[in-house]
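Asks: Handing you a structure now.
The values are calculated or read from the model by the stated rules, or taken from the named source; none is laboratory data. Everything quoted here is computed from the prediction, not taken from an experiment. Don't worry about glycine lacking a Cβ; one is built from the backbone with ideal geometry, like all the others, and counts go over all protein chains shown. These area figures cover heavy atoms from the full protein model, side chains too; ligands, DNA and RNA do not enter into them. Shrake-Rupley method; radii C 1.70, N 1.55, O 1.52, S 1.80 Å.
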Amino acid sequence: MGLLTGLLTFPVAPVRGVIWVAEKLHEAAERELHDPGVLRAQLAVLNQELEDGDINLEEFEREEERLLDRLHAAQVGSARNDRR
């Protein structure tokens, strides 16, 4: 980047910084959302909540299905990436 270009685009530098931070946060959230280890830990916590009586069976089944769907999607996505 030349000096003139740098000087002319300097006022938008903070915007680029915010966009970069937002992209990094999005990437981290996506990794956590689809990380099988995190999903398994959430399933373990869910089981413990059911055993402790913090949630009822209906809530457990609904949340378990959601987590298992996410886990399956993460494993299918991982398998697709491995084939490439």
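Asks: Once the whole set of protein chains is in place, how much accessible area is left on GLU30, using a 1.4 Å probe, in Å² to the nearest 10?
Replies: 70
Asks: With an 8 Å Cα cut-off and a minimum separation of 6 or more residues, compute the relative contact order for the chain in percent.
Replies: 29
Asks: Run the 1.4 Å probe and let me know the accessible area of LEU43, rounded to the nearest 10 Å².
Replies: 30
Asks: With +1 on the Cβ of every Lys and Arg and -1 on the Cβ of every Asp and Glu, and nothing else charged, how large is the dipole of the chain about its Cα centre, in debye rounded to the nearest 20?
Replies: In debye, rounded to 20, the chain gives about 1000.
Asks: Let me ask something additional. Give me the angle, in degrees from 0 to 90, between the Cα long axis of helix 36-52 and the longest principal axis of the Cα atoms of the chain, rounded to the nearest 10.
Replies: Relative to the chain, helix 36-52 is tipped by roughly 40 degrees.
Asks: Just read off the accessible area of ARG62 with the full protein assembly in place, 1.4 Å probe, to the nearest 10 Å².
Replies: Taking all protein chains as shown, ARG62 has close to 140 Å².
Asks: With all protein chains present and a 1.4 Å probe, how do LEU33, LEU39 order by accessible area, largest first?
Replies: Ranked list, largest accessible area first: LEU33, LEU39.
Asks: Mean residue ellipticity at 222 nm from the helices of the chain, using -39,500 (n - 2.57) per DSSP H segment of n ≥ 4 over the full residue count, to the nearest 500 deg cm²/dmol?
Replies: Only helices count here, giving -29000 deg cm²/dmol.
Asks: While we're here: Helix 57-83 versus the longest principal axis of the chain: what is the Cα-based angle in degrees, 0 to 90, to the nearest 10?
Replies: With both axes taken from Cα atoms, the answer is about 50 degrees.
Asks: At q = 0.11, 0.15, 0.22 Å⁻¹, what log₁₀ I(q)/I(0) does a Debye calculation on the Cα points of the chain give, no solvent, two decimals?
Replies: The Cα Debye sum returns log10 ratios of -0.54, -0.72, -1.01.
Asks: Shifting gears a bit: Taking only Cα atoms, what is the 0 to 90° angle, nearest 10, from helix 13-33's long axis to the longest principal axis of the chain?
Replies: The helix 13-33 is inclined about 20 degrees to the chain.
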